[in-house]
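Q: Pasting a structure here, questions to come.
The values are calculated or read from the model by the stated rules, or taken from the named source; none is laboratory data. Being a predicted model, the structure only gives us computed values, none of them experimental. All Cβ positions, glycine included, derive from the backbone under ideal geometry; neighbour counts span all protein chains shown. Please note that ligands, DNA and RNA were not included when accessible areas were found on the heavy atoms of the full protein model with its side chains. Shrake-Rupley method; radii C 1.70, N 1.55, O 1.52, S 1.80 Å.
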Amino acid sequence: MCGIVGCTSRTGEVVPGLVESLKRLEYRGYDSSGIAAIGERGLGIVRRVGKIRELESELAVAPLTGSTAIGHTRWATHGSPTEANAHPHRVGKLVVVHNGIIENYLELREELTQRGARFQSETDTEVVAHLVQALWQGDLVAAVRSAVKRLHGSFALALLHEDAPDLIVAARRDSPLVIGVGEGAHWLASDVPALLPWTRRIIYLEDGDVAALRPERVDVTDAEGVARARAVAEITWSAEMAEKAGFPHFMLKEIHEQPATVSNALLGRIAENSGAIVLDGFALSDAELRSLRRICIVACGTSWHAGQVGRFLLEEDAGIPVEVDYASEMIHREPLLAKDDLLIAISQSGETADTRAALKKGREAGARTLVITNVAGSSMARDAAHVLLTYAGPEIGVASTKAFMGQLTVLALLALRLGAARGRLDQKTLARRLHELKTLPHALEQALALSDAAKDIAGELAAARDALYLGRGLNYPIALEGALKLKEISYIHAEGYPAGEMKHGPIALIDPSMPVIAIATESVTSALMSGNVEEARARGARVIGIVSTGEERLMKSCWRTLVVPRVPEALSPFVNIIPLQLLAYWTAVIRGSDVDQPRNLAKTVTVQ
Ligand code: F6R
């Protein structure tokens, strides 16, 4: 997804810092980049297709200088990844960078063309530059305020004008944008990690905001010019936390952070004396929780898999019916939600366009709304009535790992909270279940020790063309998630299936070239799963079993095994996903793919 950066400073040269900030947005995925700066020689622009190192090489031969600049990484939506389509886009003395999609760009393009505009690119963004130029009467802020009223769709915008050399104008609607506050300097970015080397004092812009950044001050208004008060938040993440801490890839670092992820998500949420669950941000009373009729979970991708695990936990612990929908599907039908339904949107980023739209739909239908997210100031965190943060810290690897673990932990706590309020769990059971959750990080540490064994198996898996992942019950979503991890970073086709469905079709695919990854840890369905392993083996499959300590019989049936510690079945998804993440990671490394930024994928998907 595209990334925006900007800086205006009293003390001079900002371009090298912005290149650094752009690098910190690389995890979002991009195909071209560019920078525009206003210096002593006026407005200059450099744009390049490919990685930021291409931009740096160009800047080394044709340096760009200035104390006010904006930059961008583009992930193509309208028009292919070419230099002409890369941002910033220039019209006269004005430049613009943009994230999002201008839905009415064709109408605007036609209107502006009739008025004499000449377009240089295929992008929707360029209409913004021409529109602001057409409305400009010597005041960039006023022109942007008028322009945003004409735009349909989503946008985060940043603009410079050569006649206002110490000013950046920014605006947002449905696309994130944050301001970094410093001494004699202000920064702009689409995400906080880009700003961490420079400041930890952040203003989260909200939908409809138009901000004027100058070295000494920031003014935020709405499109009518009415001032909007925006608080400055202090970010506790260090710049180092957003870096790799000695691991070769962010993904591996984030896989290893998962014991801490569980601890952080539990921190302060279990009252020391009473043992009660305290979910700050989820303020429904016991009576309100008892009156809930149904829960609908909406999410995309990995977060949807967390939702599927959540369904088991919530139904089992709280005795409440749960539906789990792909957000992108739910928004195109009438979901029959009412005021005694709870809609839970799960999103690492809090910005995913489909999930945000589903949340809005639930809110409009009158349902109670809760978002489970990793990003405190995100759009969804502001849209929902209730918010539970996962506290996983910034997740940089595009393939989600620790954020998933944080989501599972929050869902487990939520299920217990509802179970207690609805009288399904007595005090003793609740205390035992909480104790099991608190000791989970230790089991995760043990599962992480499987890294070398997973690497060894990955040596064989790397040669496969397809792979089948099987699981049952709570671990069926883990089979889906394991398959997703493998396909998105190693590009091996992989499918997750409920093991009981194998006989109804996929078994036809099984031959000696097809690895079958069977999640066969201790469970009420263990006997059935053993049967499935035998069936696959009988057809020549190389079965890689995820098994619990002490299961010698299964170990003999499998080609290879990854042995995980025994935990109560409700917590098995937390443990079982770890060897699958490691298997995907090492397979991708062996195949030489770009683990942290897999092709065609973006970290934050802010378009539907
Ligand atoms: C896969 C992955 C994606 C995201 C999905 C939703 O590893 O990361 O499938 O889970 O794009 O993103 P969020 O959770 O930010 O809404």
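Q: Mind listing whichever residues of the range 471-483 are open to solvent by 10 Å² or more (accessible area, probe 1.4 Å) and within 16 Å of the ligand (Cβ to nearest atom)?
A: Residue satisfying the conditions is LEU480 alone.
Residue-wise test of (1) crowded, with 21+ Cβ neighbours inside 10 Å; (2) at pLDDT 95 or above; (3) part of a strand (DSSP E or B).
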residue: GLU13; (1), (2), (3): no, no, no
residue: PRO16; (1), (2), (3): no, yes, no
residue: LEU22; (1), (2), (3): yes, yes, no
residue: TYR30; (1), (2), (3): yes, no, no
residue: GLY34; (1), (2), (3): yes, yes, yes
residue: ILE38; (1), (2), (3): yes, yes, yes
residue: SER57; (1), (2), (3): no, yes, no
residue: GLY79; (1), (2), (3): no, no, no
residue: VAL95; (1), (2), (3): yes, yes, yes
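Q: Failed condition for ARG230, given (1) of a type outside the set (A, V, I, L, M, F, W, C); (2) over 20 Å from the mean Cα position of the chain (by Cα); (3) open to solvent by 30 Å² or more (accessible area, probe 1.4 Å); (4) under 17 Å from LEU25 (Cα atoms), with all others met?
A: With (1) of a type outside the set (A, V, I, L, M, F, W, C); (2) over 20 Å from the mean Cα position of the chain (by Cα); (3) open to solvent by 30 Å² or more (accessible area, probe 1.4 Å); (4) under 17 Å from LEU25 (Cα atoms) applied to ARG230, the lone miss is (4).
Q: On to the next question. Determine the pairs where a residue that is among the basic types (Lys, Arg), located within the range 403-422, has a partner that is in a helix (DSSP H, G or I) and open to solvent by less than 10 Å² (accessible area, probe 1.4 Å) with Cβ atoms under 7 Å apart, the partner being 6 or more residues away or on another chain.
A: Note: pairs meeting the criteria are ARG422/LEU289; ARG422/ALA318.
Q: Would you mind telling me which numbered condition in (1) in contact with a helix residue (DSSP H, G or I) (Cβ under 9 Å, 6 or more places away or on another chain); (2) closer than 24 Å to LEU252 by Cα ARG465 fails?
A: Single failed check for ARG465: (1).
Q: Is it the case that some residue within the range 274-291 is within 16 Å of the ligand (Cβ to nearest atom) and either assigned to a loop (DSSP other than H, G, I, E, B) or open to solvent by less than 60 Å² (accessible area, probe 1.4 Å) (or both)? Don't jump to the end; show me each part of the working.
A: First pass over the range 274-291, keeping only residues within 16 Å of the ligand (Cβ to nearest atom): none.
Within the range 274-291, none of the residues are within 16 Å of the ligand (Cβ to nearest atom) and either assigned to a loop (DSSP other than H, G, I, E, B) or open to solvent by less than 60 Å² (accessible area, probe 1.4 Å) (or both).
Q: If you check VAL169 against the conditions, is it part of a helix (DSSP H, G or I) and either at pLDDT 95 or above or touching a strand residue (DSSP E or B) at 6+ places or on another chain (Cβ under 6 Å) (or both)?
A: Here the answer is no, as VAL169 does not meet what is asked.
Rundown of residues vs (1) more than 22 Å from the chain's Cα centre (by Cα); (2) within 15 Å of the ligand (Cβ to nearest atom); (3) crowded, with 22+ Cβ neighbours inside 10 Å, yes/no style:
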{"residue": "ALA463", "(1), (2), (3)": "yes, no, no"}
{"residue": "ASP466", "(1), (2), (3)": "yes, no, no"}
{"residue": "TYR469", "(1), (2), (3)": "yes, yes, yes"}
{"residue": "LYS485", "(1), (2), (3)": "no, yes, yes"}
{"residue": "HIS493", "(1), (2), (3)": "yes, no, no"}
{"residue": "HIS504", "(1), (2), (3)": "yes, no, no"}
{"residue": "PRO512", "(1), (2), (3)": "yes, no, no"}
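Q: Residue check: is LEU444 modelled with pLDDT of 95 or more, open to solvent by less than 10 Å² (accessible area, probe 1.4 Å) and within 17 Å of LEU313 (Cα to Cα)?
A: For LEU444, the condition - modelled with pLDDT of 95 or more, open to solvent by less than 10 Å² (accessible area, probe 1.4 Å) and within 17 Å of LEU313 (Cα to Cα) - is not met.
Q: Restricting the search to the range 574-604, which residues are of a type in the set (A, V, I, L, M, F, W, C), open to solvent by 10 Å² or more (accessible area, probe 1.4 Å) and not in a loop (DSSP other than H, G, I, E, B)?
A: TRP586, VAL589, ILE590
Q: Looking at the range 305-415, what strands (runs of 3 or more DSSP E) fall wholly within it and have at least 2 residues that are open to solvent by 10 Å² or more (accessible area, probe 1.4 Å) and either more than 11 Å from the ligand (Cβ to nearest atom) or on the phi > 0 side of the Ramachandran plot (or both)?
A: 322-326, 386-389
Q: Just checking, how many residues over the range 187-216 are open to solvent by less than 10 Å² (accessible area, probe 1.4 Å), at pLDDT 95 or above and either assigned to a loop (DSSP other than H, G, I, E, B) or not β-branched (Val, Ile, Thr) (or both)?
A: Residues that pass the stated criteria total 7.
Q: Scan the range 50-58 and tell me whether some residue there is within 19 Å of GLN133 (Cβ to Cβ) and of a type outside the set (Phe, Trp, Tyr).
A: Going residue by residue through the range 50-58, those that are within 19 Å of GLN133 (Cβ to Cβ) are none.
No, every residue in the range 50-58 fails to be within 19 Å of GLN133 (Cβ to Cβ) and of a type outside the set (Phe, Trp, Tyr).
Q: Just one of GLY319, GLY268 is closer than 23 Å to GLY377 by Cα and not assigned by TED's automatic domain parsing to the domain that holds GLU481; which is it?
A: Just one listed residue meets the conditions, GLY268.
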